[in-house]
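Q: Here's a structure for you.
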Amino acid sequence: MMATENRKEIWKAILERVRTQFGKQPDMNAILFIIGMREYGLLHEKPFKKDDKVSLMHIATCKILSYSGHYELEGIDEEGWPQWQLVTPLPHMTLLEQETYIREHIIDYFINEHIL
């Protein structure tokens with residue numbers, strides 16, 4: 001695990017990269033949505049329905065939490081959606097702890113996928 005200060009700098013770099021690329025200051029949900037679109041495999045030209053957006057954020061959450069062994073990719077369904085299996089339940093956390101846990105996993109995603 002990298003030093004906390006270094007990870008804070010990486011988080012700032014992620015926010016700046018997304019802001020620069022999309023022209024808006026991102027929140028955690030926006031970053032998860034972008035990761036979900038990337039993991040789905042393409043940036044659709046058609047607009048996503050609300051249910052699709054929720055599914056994309058779920059895909060992102062499963063992908064990033066797979067780094068800690070919480071989820072495992074089962075395969076791709078007939079419509080091209082990744083299907084994830086919960087392997088290890090997440091521990092009980094406060095809302096702040098959950099946000100920190102997700103943020104740390106987003107950092108891991110950007111590092112492991114060589115995005116930064």
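Q: Sort 76, 14, 64 so the one with the fewest other Cβ atoms within 10 Å of its own Cβ comes first. Please list the in-between numbers first.
A: Numbers: 76 12, 14 20, 64 27.
In increasing order of surrounding Cβ atoms, one gets 76, 14, 64.
Q: Could you list 58, 92, 105 in order of exposure, starting from the residue whose Cβ has the fewest other Cβ atoms within 10 Å? Can you show the working numbers first?
A: Working: 58 15, 92 7, 105 21.
With the sparsest Cβ surroundings first, the list reads 92, 58, 105.
Q: Further question on the same structure: Using only DSSP helix segments of four residues or longer, with each worth -39500 (n - 2.57), what per-residue ellipticity at 222 nm results for the chain after dividing by its residue count and rounding to 500? Before the final figure, lay out the partial values.
A: Values: 4 runs with 67 residues, N = 116.
Using -39500 (n - 2.57) per qualifying helix, the result is -19500 deg cm²/dmol.
Q: Using the basic label-point model (7 angstrom from Cα toward the beta carbon), what is the residue 74 to residue 49 distance in nanometres?
A: Placing both labels 7 Å beyond Cα along the Cβ direction yields 2.1 nm.
Q: Give a quick list of trypsin sites (Lys or Arg not before Pro) in region 1-86 that DSSP marks as loop, anything other than H, G, I, E or B, with at most 14 other Cβ atoms within 10 Å.
A: Values: sites: 7, 8, 12, 17, 19, 24, 38, 49, 50, 53, 63; in loops: 24, 49.
Those satisfying the criteria are 24, 49.
Q: While we're looking at this one, here's another question. Check residue 68: other-chain or 5+ apart residues with amide H under 5 Å from its amide H, H built from backbone geometry?
A: The answer is none.
Read the figures in this text as sums done on the coordinates, not as results from a lab. Keep in mind that what you see is a predicted model, and the values were worked out from it rather than measured. Note that each Cβ is placed from the backbone with ideal geometry, even for glycine, and that neighbours are counted across all protein chains shown.
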